[in-house]
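Okay, so here's the structure we're looking at.
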Amino acid sequence: MQLRPYQNDAVRGICEKLASNRSTVAVLATGLGKTVVFSEVIRRALHREGRRAIVLAHREELITQAADKIRQVTGLEAAIEMGDLRSNEQSMYGVSSVVVSSIQTQCAGRGDKKRMHRFRNDHPWLVVVDECHHAPSASYKKVIDHYMAHPDSKLLGVTATPDRLDKRALAQVFDTVSYQYDVADGIRDGWLVPVRQRFVQCEKLDLSAARKNGADFQLNDLETALETSLLEMVSPMIQIVGDRRTLVFAATVKHAERIAEQLNRSGMNTGTAAIVHGGTPRDVRRDLFRQFSEGKLQYLVNVAVATEGWDDPANDGKGVQVIAMMRPTQSRALYVQMLGRGTRTLPRVIDGLATAEERSAAIAASPKSHILALDFLGNSGRHTLVHAGDVLGGSMDSGTSRSNREKAQREKAGAGEEFDVLEMLNHQEREHQKKLEALKREHIIGKATFKSQDIDPFEALGIVPKSVPWWQRNIPATEKQKIMLERAGIRTNNLDTGKASQLIEAIMQRPSDKQAWVLRRAGIDPQKVDRRRASQIIDLIKNGKTAEARALAG
């Protein structure tokens, strides 16, 4: 199997990190091939190091997908350890090089009779944890500790959503992060379909009294709030969706049943909607997903089943075209999971295309040119709900940017318009940059020195802050970073290491005030050089080599 460029980058980053660390995490958005990436890492690890590998996941769909992809990438048949299926650990012909197992199976049993103890840990393992944002839980940690007992064992986690609802950091389990490629990157580079969004204003939807459970709503409170607005959510959804195949996310089983009931009473053919949830028997669940992928069901209403482990095969040639978020959430991680069920391109549409432009054009010409995220707005009270702009707006994470984004969302909701989310965000970013440039021209900002904490250093430097990777958030700026920033007159209070790095990078792209003065005296435009080159040029000027200095300045 030929890997895509970013998949090769991910594999390379993972291998480099594991060469000098015991563990690492790779973050790739849904639809970008996490399973292909870790299968290739397994292939290389087994070929070069002679170790065994085990893949841990928490759902049957993830287990079967992993075993199938490992076979395609490595040529090896992975043994499955799940329920009644067992890896032959006592075979006289040798044990399997690769095992795929559910975390529930590994923890089954008591004491030293747990299933994990069937597997020896006196030799090195490569442990791969799929959807590793679950890894900080106690059950995962026990299993991971068992396989990591050997000092040469290595641990790889892969996920599309590194956030955890209970704020337990993945840093408790993993040492490093080797790669990150999010959904916005995938869309810009033509690997995922664009996301369009539409808001439905619901007068009866009131979430202000709903209590929180950790970082998201209590489901009972959410169900109660959604009950009163069921019709004003379902009716406009039917009109907006038309004949497009739609995956609906519901809050509870009762909520899902009511949604499906209303859809099947809407005047369309009976049976146009079905529901799946955790209690749906496996064979029934598989059959419903099959019917949905073939277009025999227009709506599939699910409760926390399609968030992970299900990829639409698009057997109808159209694929999922609408994601209806009838389960409001405050969790970015959950929203990413729900949205990710629709961002995958149709099979073979972008195969063999070398550039982002070619891939984007092929997607635009396909039956699935985009995915529509359908969100429902009401009175959220003190709660802040997550929408597609929060997921795709990684480079605009400041308070001002979020305020602008929410204002645009309200305007779009009032107009009932469908809009391209990245296009809207890019427009806002351009407008923000224009304002900064206007401030510079009017000499309001002046030189980049800051005597008050009230001045935003990003605005003063004329840059838009980028999204800080999750592993850098809440880590204070280092002493070295603080010294460098304070020398430039920038207050370092409340700066994390990621934001400090961005500011230092911006500072190093321009000469200091003193360097600029020296360069101007020598007839050199200081705007053409960064700080390091300015230093080299000034050294030449000091040594009487003015002509060489001007040549270096370009």
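Coordinate-derived values only; no laboratory data. Predicted, not measured: the structure shown is a model, and the values here were computed from it. Here the Cβ positions follow ideal geometry from the backbone for every residue, glycine too, while neighbour counts run over all protein chains shown.
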Using alpha-carbon positions, the gyration tensor of region 270-328 gives root eigenvalues a ≥ b ≥ c; with a/c under 1.5 called rounded, otherwise prolate if a/b exceeds b/c, else oblate, the class is rounded
Please compare each pair in Lys17/Lys141; Lys296/Lys318; Lys114/Lys141; Lys34/Lys499 to a cut-off of 19 Å on the Cα-Cα distance and tell me which ones are over it. Lys17/Lys141; Lys34/Lys499
Taking the Cβ-Cβ separation of Arg244 and Lys204 as r and a Förster radius of 30 Å, what is the calculated FRET efficiency to the nearest 0.05? 0.75
Quick shape check on region 1-139: root eigenvalues a ≥ b ≥ c of the Cα gyration tensor, a/c under 1.5 is rounded, otherwise prolate if a/b tops b/c, else oblate, and it reads prolate
One can check that the equivalent ellipsoid of region 98-199, built from the alpha-carbon gyration tensor with semi-axes equal to the square roots of five times its eigenvalues, has lengths in Å, largest first, of 32, 15, 13
Filtered hits (aspartates and glutamates, Cα-Cα < 17 Å from Lys204, offset >= 8 within chain) -> Asp221, Glu223, Glu227, Glu232, Asp375
Ignoring solvent entirely, what values of log10 I(q)/I(0) come out of the Debye formula for region 188-429 at 0.16, 0.17 Å⁻¹ when each Cα is a single scatterer? -1.23, -1.37
Could you work out the percent of alpha carbon pairs in region 175-238 separated by over 18 Å, rounded to a whole number? 62
Rounded, prolate or oblate: which fits region 513-553 when a ≥ b ≥ c are the square roots of the eigenvalues of the alpha-carbon gyration tensor, with rounded for a/c under 1.5 and prolate only if a/b beats b/c? rounded
What list do you get for Cys132, Cys107, Cys15 if you sort them by fewest beta carbons within 10 Å? Cys107, Cys15, Cys132
As a footprinting exposure proxy, order Met1, Met237 by other Cβ within 10 Å, with the fewest listed first. Met1, Met237
Net charge of Cβ neighbours under 13 Å - reference Ser208; Lys, Arg +1; Asp, Glu -1: +2
For Lys514 and Asn264, what does the FRET efficiency come to when R0 = 51 Å and r is the distance between their Cβ atoms, rounded to the nearest 0.05? 0.10
